[in-house]
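> Can you read through this structure? Questions will come right after.
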Amino acid sequence: MKKTILMLVVLLSMLAAEAQVNPTVLGDKHAMLKVKQGEKYLLLPVQESEDIASIAVLNGENDMVQRMNVKLAIDRVDYYVPYELKDASLLDIEFHGDRRQKGAVGEFVCWKEMKYSDTFDTTNRERFRPAYHHTPTYGWMNDPNGMFYKDGVWHLYYQYNPYGSQWENMTWGHSTSRDLIRWEAQPMAIEADWLGSIFSGSCVVVSHPTPGPSLLGAGSVVAFYTSAGHHQTQSMAISKDGGRTFEKYSGNPVLTTSDVPDFRDPKAFWNEDIKAWNLILAAGQEMRIYSSKDLKEWKYESSFGKEYGNHCGVWECPDLFEIKNEKLKMKNWVLLCNINPGGPFGGSATQYFVGQFDGKKFTCESMPKVTKWLDYGKDHYATVSFYNAPDNRRVVLAWMSNWQYANQVPTKQFRSANSIPRDLGLFTHGEETYVSVVPSKEMLAVRGQKVKKPTETCEIVVDVKSSAVITLSNAKGEEVSMHYDAQKQTFTMNRTHSGDVSFSESFPCETVAPTYGSIRQLRIFIDRCSIEAFDAEGKMAMTNLVFPSEPYNTIKVKGGKATIYRIEN
């Protein structure tokens, strides 16, 4: 028996030794690692409190094929991320920071914990991972990108760091869904090249043969994105397989400028009124509009934004589309403008403008100083719409976080989720036209049986009589209070005592939204770390993250009646 145990210990020791790597230390900040051939992944240990290590990946001919930045573990491991080896032969690694405080490079814990593997375990290990919101399988996510609908499938691309759960190494991740709720992870769609990292952008579906790169055929999916190198330029990639894989256009970049450093986030769309393509992108604190016949050559048409709306931060992630309200017999163009900082309660948010667009110039119908917000919570940013959505719907998703604390929220396997899908419309109040926001109809399909108490994944429908106070709480004394004031026509959510608020001074807060008239019914969606509240008629939306130590399982309603539905996913 002792002999068997001894042999087992020796075997395990040999396996452990094989799992370790043997770097060549070249200096107090420099090491190289020869890659073991025939392996699929190298699992990289990450320590989030450390500085990044810059890694150059070389192939067998010593040609550099990739660069990436990873917070390699110095003295402890927070989690692992997989690097798919492919043609990698050598990793040239440069550490940053003061090595006098970190110790000798050769003693870093990353070398003991780095290991080869044929698989990577993506089993959820996070109690705050949402159940019915889209999240990356692992790693960091921010802006939704390139969303479109084709052949019954919704495609969602997103800003993605596959080598850590904080912002870095921007690529386009990819997920697909047939119901806007259940998402299936797909391989990375567009990865960095020597023009730069892959920042935000859009996709269009070509509905008819179009002149341009390789004579684009009907059904082609064309992606436009920002190449973020020394300067920000706009590039194009083409998919012939419905958005699964893309080939970058050999003539990139297709759009450049020299007058502003922030020049990004192209949103392209077909404009039937002018029988041509339009593209809008962010340039500093304005939006620039272009037109094209072939998706390759873009003509500058006009700019919008000077003196309009909020200018406390950089303008980003624009969208421009027409919405019709058949009941009111009206149609308007809406320009979405995401801004950071400058949100109504600090940090990032989505403002919008309502007006008309003739294919060349957007004209806002409001006075310049009028500011309209799409969502009055702290955690609703980078909102953009799906191209080609069925039934002329305007379906949007947002990034459900805030740049004030997005890198610090208490999750590690992944960071960030998208909002639930929302449909946009129009309504009027006083002399102004506003955009309405309602949960997409797909959310009704996952509404399950009624339950007596709130659960960590539920929808709460509150029929209000006049003013109402709704309080969610748990046995730990953590609570979120919501107050609809019928007289002031405001809705307030307070998350000051909602749970863990310690990771950022900007997190504990109270958010307030105008309701533009009375509210008869509220729809409140809870999903582990988020609360999204809507006026059922669409006149108010508010999205806030929460991190309770245990789910809220008690509700008190004053001034209304609540019906609670479990959400089945």
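> Can you report the number of residues in region 59-89 which are open to solvent by 30 Å² or more (accessible area, probe 1.4 Å) and part of a strand (DSSP E or B)? First the steps, then the outcome.
Let us first name the residues in region 59-89 that are open to solvent by 30 Å² or more (accessible area, probe 1.4 Å), namely 60-67, 69, 71, 75-78, 80, 84, 86-87, 89.
Next, only the ones that are part of a strand (DSSP E or B) stay: 64-67, 69, 80, 84.
Of the residues in region 59-89, 7 are open to solvent by 30 Å² or more (accessible area, probe 1.4 Å) and part of a strand (DSSP E or B).
> Could you say which residue among GLU84, GLU113, GLU126, GLU94 is of a type in the set (D, E, K, R) and in contact with a Pro (Cβ under 6 Å, 6 or more places away or on another chain)?
Values: GLU84 fails: in contact with a Pro (Cβ under 6 Å, 6 or more places away or on another chain); GLU126 fails: in contact with a Pro (Cβ under 6 Å, 6 or more places away or on another chain); GLU94 fails: in contact with a Pro (Cβ under 6 Å, 6 or more places away or on another chain).
Result of the check over GLU84, GLU113, GLU126, GLU94: GLU113.
> What about ARG447, is it basic (Lys, Arg), surrounded by fewer than 23 Cβ atoms within 10 Å (Cβ to Cβ) and more than 22 Å from ASN569 (Cβ to Cβ)?
Details: basic (Lys, Arg): yes; surrounded by fewer than 23 Cβ atoms within 10 Å (Cβ to Cβ): yes; more than 22 Å from ASN569 (Cβ to Cβ): no.
No, not satisfied.
> Is there a residue in region 30-37 that is under 27 Å from the mean Cα position of the chain (by Cα), under 23 Å from PHE120 (Cβ atoms), at pLDDT 95 or above and buried (at least 16 other Cβ atoms within 10 Å of the Cβ)? Please lay out each step first, then the result.
Going residue by residue through region 30-37, those that are under 27 Å from the mean Cα position of the chain (by Cα) are none.
There is no residue in region 30-37 that is under 27 Å from the mean Cα position of the chain (by Cα), under 23 Å from PHE120 (Cβ atoms), at pLDDT 95 or above and buried (at least 16 other Cβ atoms within 10 Å of the Cβ).
> The conditions are (1) touching a residue at least 40 places away in the same chain (Cβ under 8 Å); (2) open to solvent by 20 Å² or more (accessible area, probe 1.4 Å); (3) outside any strand (DSSP E or B); (4) not small (Gly, Ala, Ser), and HIS230 fails exactly one of them. Which is it?
(1)
> If you don't mind, there's one more thing I want to ask. Mind checking which residues of region 355-387 are of a type in the set (Gly, Ala, Ser) and buried (at least 19 other Cβ atoms within 10 Å of the Cβ)? Give the derivation first.
Residues of region 355-387 that are of a type in the set (Gly, Ala, Ser), as a first pass: 355, 359, 366, 377, 382, 385.
Correct list: GLY377, ALA382, SER385.
> Any chance you could count how many residues in region 192-220 are within 21 Å of the chain's Cα centre (by Cα) and among the hydrophobic types (A, V, I, L, M, F, W, C)? If you could, list the steps in order and put the result at the bottom.
Quick first cut of region 192-220, residues within 21 Å of the chain's Cα centre (by Cα) only: 192, 196-204.
So of that shortlist, the ones also among the hydrophobic types (A, V, I, L, M, F, W, C) come out as 192, 198-199, 203-204.
Residues flagged as within 21 Å of the chain's Cα centre (by Cα) and among the hydrophobic types (A, V, I, L, M, F, W, C) within region 192-220 amount to 5.
> If you don't mind, there's one more thing I want to ask. Let me spell it out: the conditions are (1) of a type outside the set (D, E, K, R); (2) farther than 18 Å from ILE280 by Cβ; (3) touching a residue at least 40 places away in the same chain (Cβ under 8 Å), and CYS203 meets all of them except one. Which number is the exception?
Looking at each condition in turn, CYS203 falls short on (2).
> Among what's in region 335-354 and is in contact with a Ser or Thr (Cβ under 9 Å, 6 or more places away or on another chain) and closer than 17 Å to ILE289 by Cβ, pick the residue that is surrounded by the most Cβ atoms within 10 Å (Cβ to Cβ).
That would be ASN338.
> Would you confirm, using the coordinates I've provided, whether PRO390 is of a type outside the set (Phe, Trp, Tyr), open to solvent by 10 Å² or more (accessible area, probe 1.4 Å) and more than 18 Å from ASN332 (Cα to Cα)?
Numbers: of a type outside the set (Phe, Trp, Tyr): yes; open to solvent by 10 Å² or more (accessible area, probe 1.4 Å): yes; more than 18 Å from ASN332 (Cα to Cα): yes.
When the stated conditions are applied, PRO390 passes them.
Residue by residue, here is whether (1) more than 18 Å from SER348 (Cα to Cα); (2) assigned to a loop (DSSP other than H, G, I, E, B) holds:
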{"residue": "THR496", "(1), (2)": "yes, yes"}
{"residue": "SER518", "(1), (2)": "yes, yes"}
{"residue": "ARG523", "(1), (2)": "yes, no"}
{"residue": "ILE531", "(1), (2)": "no, no"}
{"residue": "LYS539", "(1), (2)": "yes, yes"}
{"residue": "ASN544", "(1), (2)": "no, no"}
{"residue": "PHE547", "(1), (2)": "yes, yes"}
{"residue": "VAL557", "(1), (2)": "yes, no"}
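> Kindly indicate the residue of region 114-169 that is of a type in the set (Gly, Ala, Ser), in a loop (DSSP other than H, G, I, E, B) and open to solvent by 10 Å² or more (accessible area, probe 1.4 Å) and also farthest from ILE55 (Cα to Cα) among those meeting that condition. Let's see the steps before the verdict.
Quick first cut of region 114-169, residues of a type in the set (Gly, Ala, Ser) only: 117, 131, 139, 146, 152, 164-165.
Applying the additional criterion that residues be in a loop (DSSP other than H, G, I, E, B) yields 131, 152, 164-165.
Imposing the further condition that a residue be open to solvent by 10 Å² or more (accessible area, probe 1.4 Å) reduces the set to 131, 152.
Numbers: ALA131: 34, GLY152: 40 Å.
Filtering first and then ranking leaves GLY152.
> Would you confirm whether any residue within region 361-382 is touching a His at 6+ places or on another chain (Cβ under 8 Å), farther than 18 Å from LEU426 by Cα and in contact (Cβ under 8 Å) with a residue 24 or more places away in the chain?
In the first step, residues of region 361-382 are kept if they are touching a His at 6+ places or on another chain (Cβ under 8 Å); the result is 374.
Narrowing the set further to residues that are farther than 18 Å from LEU426 by Cα leaves none.
So far as region 361-382 goes, no, none of its residues is touching a His at 6+ places or on another chain (Cβ under 8 Å), farther than 18 Å from LEU426 by Cα and in contact (Cβ under 8 Å) with a residue 24 or more places away in the chain.
> Suppose we filter region 555-566 for residues that are open to solvent by less than 50 Å² (accessible area, probe 1.4 Å) and in contact with an Asp or Glu (Cβ under 6 Å, 6 or more places away or on another chain); how many remain?
If we filter region 555-566 for residues that are open to solvent by less than 50 Å² (accessible area, probe 1.4 Å), which is where we start, we get 555, 557, 559-560, 562-565.
Among the residues that remain, those that are also in contact with an Asp or Glu (Cβ under 6 Å, 6 or more places away or on another chain) are: 560, 565.
The qualifying residues number 2.
> From the set of residues in region 250-273 that are part of a loop (DSSP other than H, G, I, E, B) and in contact with a Ser or Thr (Cβ under 7 Å, 6 or more places away or on another chain), which is surrounded by the most Cβ atoms within 10 Å (Cβ to Cβ)? Before you say what the answer is, go through the steps one by one.
Going through region 250-273, the residues part of a loop (DSSP other than H, G, I, E, B) turn out to be 250-254, 256-262, 272-273.
Retained after the next criterion (residues that are in contact with a Ser or Thr (Cβ under 7 Å, 6 or more places away or on another chain)): 252-254, 256.
On the way: ASN252: 16, PRO253: 17, VAL254: 21, THR256: 11.
Within region 250-273, the match that is surrounded by the most Cβ atoms within 10 Å (Cβ to Cβ) is VAL254.
The values are calculated or read from the model by the stated rules, or taken from the named source; none is laboratory data. Treat the numbers as computed from the prediction; the structure is a model and nothing was measured. Note that we place each Cβ from the backbone using ideal geometry, even for glycine, and neighbour counts take in every protein chain shown. Quick note on the areas: whole protein, heavy atoms, side chains included, nothing else; ligands and nucleic acids left out. Shrake-Rupley method; radii C 1.70, N 1.55, O 1.52, S 1.80 Å.
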